[in-house]
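Report on one structure; see the data block that follows.
The values are calculated or read from the model by the stated rules, or taken from the named source; none is laboratory data. Here the structure is a predicted model, which is why all the values come from computation and not from measurement. Using ideal geometry, Cβ is built from the backbone for each residue, glycine included, and neighbour counts are taken over all protein chains shown.
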Amino acid sequence: MAGESADASTIATLSCARCEKPAHLQCPKCMDLKLPREQASFCTQECFKAAWSSHKSVHVKAQLSSIATGDQNSDLISQGWLYCVKKGQARTLKLPHFDWTGPLKQYPISTKCVVPAEIEKPDWAIDGTPKVEPNSDLQHVVEIKTPEQIQRMRETCKIAREVLDAAAKVIRPGVTTDEIDRVVHEATIAAGGYPSPLNYYFFPKSCCTSVNEVICHGIPDARKLEDGDIVNVDVTVCYKGCHGDLNETYFVGNVDEASRQLVKCTYECLEKAIAIVKPGVRFREIGEVVNRHATMSGLSVVRSYCGHGIGDLFHCAPNIPHYARNKAVGVMKAGQTFTIEPMINAGTWRDRTWPDGWTAVTADGKRSAQFEHTLLVTETGVEVLTARLPSSPDVYPWLTK
Amino acid sequence: MLKEEAEGVKMEDDDEEPPMAIQIQPDVSVRKILSSSDTVSVGVSVITGYLGAGKSTLVNYILNGKHGKRIAVILNEFGEEIGVERAMINEGEEGAIVEEWVELANGCVCCTVKHSLVQALEQLVQRKDRLDHILLETTGLANPAPLASILWLDDQLESEVKLDCIVTVVDAKNLRFQLNERRDSSSFSEAFNQIAFADTIIMNKVDLISQEESDELEKEIHSINSLANVIRSVRCQVDLSNILNCQAYDSNHVSRLESLLETNKSLTTTDLHDSGIRTLCISEPQPINLDKVRLWLEEILWDKKSEMDVYRCKAVLSIQNSDQMHILQAVREIYEIVPARKWSEEENRTNKIVFIGHKLDEEVLRSGLRDCRP
């Protein structure tokens, strides 16, 4: 019961917004405005007619909100905020044209953050193009890290965890993703590290913020988080030449039951995947575990993005897909470090990319959640290098017991 | 401004009468998505071979042929790095060649499953109304294996493109010289890799050599790669079904593999070329255990057991406790074993495995296969 078939069953259970009988009709205005289907469904034209005078306020509210956003964005544009296009290599004054898959659109982004001169920077910080990484042998061979390298990984990953925790603490309705990025940026610099995403292949910001239907690589921008949103913050820190990468999906205010289930299931997918990590296990197996758990919950697994090796390079071998029946090469060995970062969708597994060239969204506009850890394979199992600390904020009800 | 716009909005909806409600259907966007998953993906044939062997001649022959197919040819200089920034697309349409430079956006390379080349090819397919096939003509690529690895995608990705076959064009007049040439004692000339990894080999310019020389050459090619389909040609005028729509990497398309493995003629080459690169075929009549087979293959392909270097591997497998014939495909370290179809009642269930590679040890392989018995 995954992916596309879930859509069919969702339609069958839609109920009339007025009388709660099974619904087979929807308001055309709501469709135009891409408003949620749940409030826009009716059993008959008569019921729709009867509900009309109160229902139409939903349109007004959405249109006013859209105008308000438009005004806010115009103000920002006049202050130098611009829309990101061409993978971060260019900016435009106007919202790029796109058939947005859900309610979310691109918002303007702020100007570039500064990194102090004394911070050690990776080679892409200067001109946006990694040189060492793409040409390294480590793209083909999985590195076995020395005890010294492992110690540096532990240090970096701890800093990355603390940076993410700092970001988590500011999340609430009304905060923009740009403000979250600022927190990440400042916290990383304060710890003496460089925020790896900044200028990586021209990525314009210091972390990825992915709201609702955004799967990953969302660019922090002027949009304010709204009550009911879910938002993933993905942090990677480069400290003393070594990278640590993690992400978590957070609840903004009061979130609906379906979103809570989505986030919890995604958390569990990562948990179950980590549970099988030890020497001798095939990398291919991760996809089987993730897929099994997601499918059982009626959710789908994103296939375009995968886990990756990490260390002195941001991304390197191995590639770890999260879907089943993949041809990933190799088995785990003690001393290897890599990430597992399943992205789980409420609807279809398919993704599309925004005009900014980075933001991946679900093709059907439904929500997506993700969790990620950097892991070390030990002689007997696994060490979660980016694990929660005693100081990490209490944001998941299933962890508070 | 806001107030007026807001009032405008309110006015719009002041009608007493609601519009006609619309029948609920799956989202149009979802429908588009669903239907796109039904479309057949476009095959990509990789054309490789030495400069001057006749690759361009082949490409022109295909583009000029009146076969009614829309074929895009991508000419690419692959250096150290397989990346495509710009590619020239020649679209043969009813004989006319339309040249078009296409800017292929550099795909996001971080943590993506699909290489930027694949993303570029997918963009190409999406852009065109109807594309029947893609030819990827390579220059400067000594070894087609990395390209095959990139293009041989998991079925799960439901990509708009799929690897169809690797075609090597060899120059009949110069091949012998190219095979004997060594840059240094530890490396082989590119000709070996191009032959070993090919699904189809076009032996071109046969008009420049005698019949006997052709026969000898074909034997020599088969001694390196017994599985490849060798076609002789003059000016690359070949039957296009040998290059287009071969489906050599399709897990569903087994008939060619089956017929190859059915031949009584032994595929094992005994005349060892100087290079030590050859084809080896081993068989086992009893059904074997799937888990053991995987471990055994991984030891060979991933751990380079006994220093054997396997380039390609294909097999028909009889798996314990299954009524399905399984097939195995491997290109360097990437392999897959999938059930293909049900064994029929009359069929003689057996395992037949073909290895193409360097330093293949027949005894080690045979005993390894025997150990896969349940």
- Considering region B:186-238 alone, what residues qualify as being over 23 Å from the mean Cα position of the chain (by Cα) and part of a loop (DSSP other than H, G, I, E, B)? B:Ser186, B:Ser187, B:Lys205, B:Ile209, B:Ser210, B:Val234, B:Arg235
- Only residues that are within 11 Å of chain B (Cβ to nearest Cβ) and either farther than 28 Å from A:Ala40 by Cα or touching a residue at least 60 places away in the same chain (Cβ under 8 Å) (or both): list them for region A:59-79, please. A:Gln72, A:Ser74
- Just one of (1) in contact (Cβ under 8 Å) with a residue 24 or more places away in the chain; (2) under 21 Å from A:Pro204 (Cβ atoms) trips up A:Ser136, so point out which. (2)
- Note on the structure: Among A:Lys145, A:Lys121, the single one that is over 30 Å from A:Pro28 (Cα atoms), in the same structural domain as A:Lys240 (by the TED database), assigned to a loop (DSSP other than H, G, I, E, B) and among the charged types (D, E, K, R) is A:Lys145
- Task: May I ask you to say which residue of A:Leu246, A:Leu270, A:Leu262 is over 12 Å from A:Ile340 (Cβ atoms) and under 15 Å from the mean Cα position of the chain (by Cα)?
- Result: A:Leu262
- Message: So A:Cys265 passes all but one of these: (1) farther than 30 Å from B:Pro339 by Cα; (2) within 14 Å of chain B (Cβ to nearest Cβ); (3) in contact (Cβ under 8 Å) with a residue 12 or more places away in the chain. Which condition number does it fail?
- Response: (2)
- Report, by residue number, each residue of region B:334-368 that is free of Cβ contacts under 8 Å to residues at least 24 places away in the same chain and assigned to a strand (DSSP E or B). B:Pro339, B:Lys342
- Test each condition in (1) touching a Ser or Thr at 6+ places or on another chain (Cβ under 9 Å); (2) over 30 Å from A:Pro36 (Cβ atoms) for A:Gly228 and report the one that comes out false. (2)
- Item | Members of region A:351-372 found to be among the hydrophobic types (A, V, I, L, M, F, W, C), part of a strand (DSSP E or B) and at the interface with another protein chain (Cβ under 9 Å from one of its Cβ atoms), listed by number | A:Ala360
- Task: Just name the residue that is nearest to A:Leu375 (Cα to Cα) out of those in region A:341-350 that are assigned to a loop (DSSP other than H, G, I, E, B) and more than 10 Å from chain B (Cβ to nearest Cβ).
- Result: A:Pro342
- Query: Yes or no: B:Ile62 hydrophobic (A, V, I, L, M, F, W, C), in the same structural domain as B:Ser116 (by the TED database), modelled with pLDDT of 80 or more and touching a helix residue (DSSP H, G or I) at 6+ places or on another chain (Cβ under 8 Å)?
  - Reply: yes
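Please give the strands (runs of 3 or more DSSP E) falling wholly within region A:252-340 in which 3 or more residues are within 28 Å of B:Leu295 (Cβ to Cβ) and at pLDDT below 95.
Working: elements: A:307-309, A:316-320, A:337-340.
Correct list: A:316-320.
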- Task: Name, by its number, the condition in (1) under 29 Å from A:Ile230 (Cα atoms); (2) touching a residue at least 12 places away in the same chain (Cβ under 8 Å); (3) in contact with a strand residue (DSSP E or B) (Cβ under 8 Å, 6 or more places away or on another chain) that does not hold for A:Thr92.
- Result: (2)
- Query: Which one of these does A:Gly244 not meet: (1) out of contact with any Ser or Thr (no Cβ under 6 Å at 6 or more places or on another chain); (2) away from chain B (no Cβ under 14 Å); (3) buried (at least 24 other Cβ atoms within 10 Å of the Cβ); (4) not in a loop (DSSP other than H, G, I, E, B)?
  - Reply: (1)
- Within region B:303-324, is even one residue in a strand (DSSP E or B) and among the acidic types (Asp, Glu)? yes
- Query: Can you find even one residue in region A:25-42 that is more than 29 Å from A:Lys224 (Cβ to Cβ), more than 25 Å from the chain's Cα centre (by Cα) and crowded, with 16+ Cβ neighbours inside 10 Å?
  - Reply: yes
- Message: Regarding region B:287-301, can at least one residue be identified that is without any contact (Cβ under 8 Å) to a residue 40 or more places away in the chain, among the hydrophobic types (A, V, I, L, M, F, W, C) and assigned to a loop (DSSP other than H, G, I, E, B)?
- Response: no
- Query: Could you list, in sequence order, the residues of region B:279-307 that are surrounded by 18 or more Cβ atoms within 10 Å (Cβ to Cβ), in contact with a helix residue (DSSP H, G or I) (Cβ under 6 Å, 6 or more places away or on another chain) and under 26 Å from A:Val281 (Cβ atoms)?
  - Reply: B:Trp296
- Message: Quick check on A:Ala160: is it among the aliphatic types (A, V, I, L, M), more than 28 Å from A:Thr69 (Cα to Cα) and at pLDDT 95 or above?
- Response: yes
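Quickly run through region A:151-180 and pick out the residues that are of a type in the set (Val, Ile, Thr) and surrounded by 17 or more Cβ atoms within 10 Å (Cβ to Cβ). Don't jump to the end; show me each part of the working.
From region A:151-180, those of a type in the set (Val, Ile, Thr) are A:156, A:159, A:163, A:170-171, A:175-177, A:180; that's our starting set.
Hits for region A:151-180 are A:Thr156, A:Ile159, A:Val163, A:Ile171, A:Thr176, A:Thr177, A:Ile180.
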- Task: Would you mind finding the one in A:Arg325, A:Arg282 that is in contact with a helix residue (DSSP H, G or I) (Cβ under 7 Å, 6 or more places away or on another chain) and at the interface with chain B (Cβ under 10 Å from one of its Cβ atoms)?
- Result: A:Arg325
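Quick grid of which residues meet (1) touching a residue at least 40 places away in the same chain (Cβ under 8 Å); (2) of a type outside the set (Ser, Thr, Tyr); (3) touching a helix residue (DSSP H, G or I) at 6+ places or on another chain (Cβ under 8 Å):
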site: A:His140; (1), (2), (3): yes, yes, no
site: A:Pro147; (1), (2), (3): no, yes, no
site: A:Ala166; (1), (2), (3): no, yes, yes
site: A:Pro173; (1), (2), (3): yes, yes, no
site: A:Ile180; (1), (2), (3): yes, yes, yes
site: A:Ala187; (1), (2), (3): no, yes, yes
site: A:Ser210; (1), (2), (3): yes, no, no
- Message: Name the residue that is surrounded by the fewest Cβ atoms within 10 Å (Cβ to Cβ), counting only residues in region A:328-340 that are within 10 Å of another protein chain (Cβ to nearest Cβ) and closer than 27 Å to A:Ala363 by Cα.
- Response: A:Ala328
- Message: Consider region A:33-50. How many of its residues are more than 12 Å from A:Ala23 (Cα to Cα) and not in a helix (DSSP H, G or I)?
- Response: 4
